[in-house]
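The next block holds one structure in the form of structure tokens; read it before the comments.
The values are calculated or read from the model by the stated rules, or taken from the named source; none is laboratory data. Since we're looking at a predicted model, the values are computed, not measured. FYI the Cβ positions are ideal-geometry reconstructions off the backbone, even for glycines, and counts take in every protein chain you see. Just the protein is used for accessible areas: all its heavy atoms, side chains included, with ligands, DNA and RNA removed. Shrake-Rupley method; radii C 1.70, N 1.55, O 1.52, S 1.80 Å.
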Amino acid sequence: MAAIRIDRVILRSIRLPLLHFFETSFGRSYDKEALLLELQADGVSGWGECVSGEGPFYSYEDFKTSWYVLSTFLLPQLLETGWVDPESYAQSVEPIRGHPMAKATVESALWDLKARSEERPLWKVLGGTRTRIPCGVSIGIQDSVQELLEKIQIELERGYRKIKVKIKPGWDLDVLDAIRDRFGSIPLMADANSAYRLTDLETFVAMDRFELMMIEQPLYHDDIFEHASLQRSIRTPICLDESIEHARDASAALDLGSCRIINIKMGRVGGAAEARRIHDLCQARGIPVWCGGMLETGIGRAHNIALSTLENFSIPGDVSASRRYFERDTIQPAVTVDADGCIEVSDKPGIGFEPDLEFIDFITVKQRVFSPMGK
Ligand code: OSB
Ligand code: MG
């Protein structure tokens with residue numbers, strides 16, 4: 001393979017409406033705002049999507065801080081070097097503290113560019129083995145329990161293999177009770193996005209009777225220690241999301257007994273290379289993982305599919321069809337889920353989907369082009 005040299009970089013800020021609002025314990029979103037990164041090298045483009053949100057709620061990053069960090073530090077540094085192997089990208093940006101979602105944007109575009117340049121599908125480059133990805137859905141907090149039950153009904157009919165509902169104090173036990181009452185023993189889990197404290201122990205003990213597959217991130221977003229104490233007091237497995245920022249966190253959480261399952265998001269952990277390290281570490285210790293989602297548009301969704309092909313992604317994740325969120329997606333074709341609740345993995349090069357440039361232009365709010373110095 002000839003050496004890759006990045007000769008042009010385009011950073012776009014996009015905004016598109018969500019088909020339905022998405023509500024978590026930290027608030028409600030009506031639109032999806034994201035950054036798309038295109039790295040061009042010798043006529044080939046690699047694409048990445050930044051998953052930071054509208055504000056510093058899930059984590060401190062938001063799409064504006066990511067824009068700032070990308071355009072001021074990460075992209076100028078990348079253009080100066082010309083090319084960094086995605087495997088060692090995270091290490092090359094270690095002097096820049098934090099901002100994993102901004103860094104993962106660059107790393108994922110590098111992975112796509114590398115795979116496309118080698119004319120290989122990204123999932124094979126990452127070492128994946130699965131060709132069909134079992135999918136689950138994440139359903140936000142609704143205005144009424146009735147509306148939630150209707151949404152669950154629709155997703156079960158579409159074949160999805162796991163139902164995740166968002167919970168918060170006041171939207172928990174009664175809601176789970178109503179779901180079990182109506183749908184019986186479906187594969188069900190709950191995500192609290194850090195809305196509880198150890199003083200809510202009674203609520204979690206009461207939740208054990210619902211036989212949930214797991215409860216995701218019940219306590220502080222940055223806690224590993226108190227989750228261990230909670231896990232000792234309940235039967236339901238705890239799954240950590242927000243708290244696991246890298247493989248060292250995962251290792252500490254497993255040593256402490258803070259969780260029995262980990263949700264892996266490449267944005268949260270700074271890229272697919274670190275995501276794979278967490279995957280491997282969990283696999284070696286007999287801990288299953290699944291791929292989380294951040295309401296990604298197609299570019300990010302396609303990256304999640306590639307990551308989900310790794311063997312230890314053995315629980316259906318939050319990667320679902322484009323049509324659940326968007327009328328038209330940023331890629332062609334859109335991501336679809338078959339009647340068995342699975343995504344068929346593409347054998348096309350790179351992320352396996354083509355960016356829909358016409359639509360991307362239409363939803364672009366702001367864009368900046370970067371070229372190497374002196375060009
Ligand atoms: O905690 O998993 C989460 C969306 C935004 C921020 C955090 C989370 C989520 C989801 C959505 O649950 C999953 C999806 O992309 O469908
Ligand atoms: Mg979560």
**Proximal lysines relative to K114, as straight alpha-carbon distance under 26 Å, when same-chain residues fewer than 8 apart are discounted** = K103, K124, K265, K348, K375
**Message:** Compute the distance from the alpha-carbon center of the range 231-257 to that of the range 2-21, in whole Å.
**Reply:** 33 Å
**Message:** Given the options I244, N304, W171, identify the residue whose Cα lies farthest towards the positive end of the charge dipole of the range 124-344 (+1 on Cβ of Lys, Arg; -1 on Cβ of Asp, Glu).
**Reply:** N304
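So, R0 is 30 Å and r is the distance between the beta-carbons of R209 and S314; what FRET efficiency does that work out to, to 0.05?
Values: r = 26 Å, r/R0 = 0.85.
The calculated FRET efficiency here is 0.70.
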**Request:** Find how much the distance from Q283 to T129 grows on full extension, using 0.36 nm per residue of separation minus their present alpha carbon separation; answer in nm with one decimal.
**Result:** 54.0 nm
**Prompt:** Whole-Å semi-axes of the range 226-375's equivalent ellipsoid, largest first, each the root of 5 times a Cα gyration tensor eigenvalue?
**Reply:** 32, 19, 14
**Request:** Grab the DSSP H runs of the chain that are 4 residues or longer, score each as -39,500 (n - 2.57), total them, divide by all residues and round the 222 nm result to the nearest 500 deg cm²/dmol.
**Result:** -9500 deg cm²/dmol
**Separation in nanometres of the label points that stand 7 Å from Cα toward Cβ, at E354 and D338** = 2.4 nm
**Request:** State the extension gain, in nm to one decimal, for the chain segment bounded by D143 and D42, taking 0.36 nm per residue of separation less the distance between their alpha-carbons.
**Result:** 31.3 nm
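Per residue, how much accessible surface does the chain expose to a 1.4 Å probe? Answer in Å², no decimals.
Values: 15300 Å² over 375 residues.
Accessible area per residue, the chain: 41 Å².
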**Item:** Square roots of 5 times each gyration tensor eigenvalue, C-alpha, the range 106-222, largest first, Å
**Value:** 34, 19, 13
**Asked** Hey, rough spin-label estimate for R235 and E119, points 7 angstrom out along Cα→Cβ, what's it come to in nanometres?
**Response** 5.7 nm
**Asked** By how many nm would the segment from L156 to R8 lengthen if fully extended, with 0.36 nm per residue of separation less the alpha-carbon distance?
**Response** 48.8 nm
**Request:** Express in % the proportion of alpha carbon pairs of the range 124-344 at distances exceeding 26 Å.
**Result:** 33 percent
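Nearest 5 is fine: what % of DSSP beta bridges in the range 124-344 come out antiparallel, could you say?
Here the antiparallel bridges make up roughly 20 percent for the range 124-344.
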**Complete:** Distribution output for the chain: share of Cα-Cα pairs per 20 Å bin in percent, first bin at 0, values 30, 59, 11, 0
**Request:** Take the solvent-accessible surface of the protein heavy atoms, probe 1.4 Å, and return the percent of it on the range 149-267 that carbon and sulfur atoms account for.
**Result:** 48 percent
